[in-house]
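The values are calculated or read from the model by the stated rules, or taken from the named source; none is laboratory data. Bear in mind that the values here come from a model prediction, so they are computed numbers and not experimental data. Note that each Cβ is placed from the backbone with ideal geometry, even for glycine, and that neighbours are counted across all protein chains shown.
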Amino acid sequence: MSPERHRDLQDEYRNRDSCETAWESRPSWYIVAEKDHMIDPAAQREAAKKIKATVTSLPTSHVPMLSRPQDVADVIIAAASSIK
């Protein structure tokens, strides 16, 4: 993407009327990476609490989809299966 197009998209996004966020009206899921050194796990839990997410904690670092792909897939499948 060209820098000009990127700026155009940023401007378009900033100029949008605000709307309801999905986490306010739809179920959410959150994986807390308990060994994350980038984002404090306590901050992750607080973010999950704010959006009323179903939380799964994994003993993994910042990128659980690389270190624990099956666990992440299981969370995604459970989330998708719970939506009717």
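Within 12 Å of the chain's Cα centre (by Cα) and on the phi < 0 side of the Ramachandran plot: which single residue out of Ala48, Ala43 fits that description?
Details: Ala43 fails: within 12 Å of the chain's Cα centre (by Cα).
Unique residue meeting the criteria: Ala48.
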Complete set of residues in the stretch 54-82 that are farther than 19 Å from Met38 by Cβ and either part of a strand (DSSP E or B) or of a type in the set (Gly, Ala, Ser) (or both): Thr54, Ala73, Ala78, Ala79, Ala80, Ser81, Ser82
Of all the residues that make up the stretch 25-40, how many are more than 13 Å from the chain's Cα centre (by Cα), surrounded by 10 or more Cβ atoms within 10 Å (Cβ to Cβ) and touching a residue at least 12 places away in the same chain (Cβ under 8 Å)? 3
For the stretch 16-58, name all the residues that are more than 24 Å from Ala80 (Cα to Cα) and of a type in the set (A, V, I, L, M). Met38, Ile39, Ala42, Ala43
From Ala48, Ala80, Ala73, grab the single residue that is small (Gly, Ala, Ser), without any contact (Cβ under 8 Å) to a residue 12 or more places away in the chain and surrounded by 10 or more Cβ atoms within 10 Å (Cβ to Cβ). Ala73
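Step by step: first the residues of the stretch 3-39, then only those that are touching a helix residue (DSSP H, G or I) at 6+ places or on another chain (Cβ under 9 Å) and outside any strand (DSSP E or B), then the one that is modelled with the lowest pLDDT. Which residue is that? Before the answer, list the steps.
Residues of the stretch 3-39 touching a helix residue (DSSP H, G or I) at 6+ places or on another chain (Cβ under 9 Å): 23, 27-36, 39.
Still in the running and outside any strand (DSSP E or B): 23, 27-28, 34-36, 39.
On the way: Trp23: 80, Pro27: 94, Ser28: 95, Glu34: 98, Lys35: 97, Asp36: 97, Ile39: 95.
If we take residues in the stretch 3-39 being touching a helix residue (DSSP H, G or I) at 6+ places or on another chain (Cβ under 9 Å) and outside any strand (DSSP E or B), then Trp23 is modelled with the lowest pLDDT.
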Output the residues belonging to the stretch 40-71 that are in contact with a helix residue (DSSP H, G or I) (Cβ under 9 Å, 6 or more places away or on another chain) and small (Gly, Ala, Ser). Ala53, Ser57, Ser61
